[in-house]
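Take a look at the structure set out below.
The values are calculated or read from the model by the stated rules, or taken from the named source; none is laboratory data. What you see is a predicted model; the values in this text were computed from it and never measured. Note that each Cβ is placed from the backbone with ideal geometry, even for glycine, and that neighbours are counted across all protein chains shown.
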């Protein structure tokens, strides 16, 4: 199997927690990089991950669900709630960190990779402590959501969210959450 993505670049990126995002050129002969996605991890590994991810998406929030995500490589703290329908990137789950007490609402999607026509982009996703991610949000690779931040439902997080900040929208921008919620 030809090396269509430079595995040494990927390995170095995975070992360096200080590197937030990286672009890896596609060296294959096909017309686009996504065509050879399976060469990154192999078909059997991805079939197993896809199967587990589909079951975990249907499961209610529980510690067993978190344990299976940890087995897949996601770094998950204590007392994390991962709602039904949540999808965590199956190709590079080890790039996702979810800190203690975070809540991921129904149907969230967290991506740690992105294919372009001639590139693969990898990025770490960091969800801080006691963060609330509303239902149906999308978190783009290479972003950090600071501790005690709130992301309103149906938002697209394409940039870092500061500690304690409340954001919403597509793309996210700071909002006055007290206007919508009391307490």
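At a glance:
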| read-out | value |
| --- | --- |
| Qualifying positions in the stretch 101-117 - within 18 Å of residue 54 (Cα to Cα) and assigned to a loop (DSSP other than H, G, I, E, B) | 105, 106, 107, 108, 111, 112 |
| Candidates 103, 4 - the one that is surrounded by 13 or more Cβ atoms within 10 Å (Cβ to Cβ) and out of contact with any helix residue (DSSP H, G or I) (no Cβ under 7 Å at 6 or more places or on another chain) | 103 |
| Failed item, numbered, when residue 174 is tested on (1) in contact with a helix residue (DSSP H, G or I) (Cβ under 9 Å, 6 or more places away or on another chain); (2) at pLDDT below 95 | (1) |
| Restricting the stretch 124-140 to residues that are in a loop (DSSP other than H, G, I, E, B) and within 9 Å of the chain's Cα centre (by Cα), the residue that is surrounded by the most Cβ atoms within 10 Å (Cβ to Cβ) | 124 |
